[in-house]
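The structure appears below as structure tokens.
The values are calculated or read from the model by the stated rules, or taken from the named source; none is laboratory data. The structure presented is a predicted model; accordingly, all values stated were derived computationally and were not measured. Glycine gets a Cβ as well: all are built from the backbone with ideal geometry, and neighbour counts include every protein chain shown.
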Amino acid sequence: MRQLIQTLLITALLSVIFPVEAAAQCKGFAKNICKKELGAYLHDGNYHAAVLVEGEEAELYKTFYSDLEYRLAICTADGMPPVEFSVMDATGKVLYSNKDEGLAKTWDFKLESSQQLKVVVKVTTFGISDQLPVSGCVAIMFGFKAK
């Protein structure tokens, strides 16, 4: 009985530690690797990154201000399938989809009015059914041009 309790405790502890470690590694990936995708744009200081599995989708809401030039960049860990992303306004109107642009990894844009937009990212699949799904870090980076 004592051994069972120890095993359950260790399992519980590991399940808490590994997600935290994976999130920290993913944030480090975004900071050290993906930030470069912004090029001449100034990073907004936030690191939006998560471990996703192929076929999985995530969304993020962010406020953008008028008359600023922005760059949105998507970056994935090596070995991941391409990522589709779309940007929608508050009414659900799609302002941009990289699906129409050959799964481009960046989008440069400027808004006429300040607004909150929804960014939806979806990891595509390799389509190999007899293998375990691939997982890895996916980062969404935002930058702007200084006036």
- Task: Identify, by number, the condition in (1) over 20 Å from Lys145 (Cβ atoms); (2) of a type in the set (A, V, I, L, M); (3) in contact (Cβ under 8 Å) with a residue 40 or more places away in the chain that Leu72 doesn't meet.
- Result: (1)
- Within the range 44-75, the count of residues that are touching a Ser or Thr at 6+ places or on another chain (Cβ under 7 Å), assigned to a strand (DSSP E or B) and among the small types (Gly, Ala, Ser) comes to 1
- Message: Anything in the range 44-58 that is in contact with a Lys or Arg (Cβ under 6 Å, 6 or more places away or on another chain) and either surrounded by 13 or more Cβ atoms within 10 Å (Cβ to Cβ) or within 16 Å of Phe142 (Cα to Cα) (or both)? List them, or say none.
- Response: Tyr47, Ala49
- Confirm whether Phe85 is at pLDDT below 90 and either part of a strand (DSSP E or B) or among the aromatic types (Phe, Trp, Tyr) (or both). no
- Say we look at the range 116-137 and pick out the residues that are within 30 Å of Asp67 (Cα to Cα) and either surrounded by 14 or more Cβ atoms within 10 Å (Cβ to Cβ) or touching a residue at least 60 places away in the same chain (Cβ under 8 Å) (or both); which of these is nearest to the chain's Cα centre (by Cα)? Val121
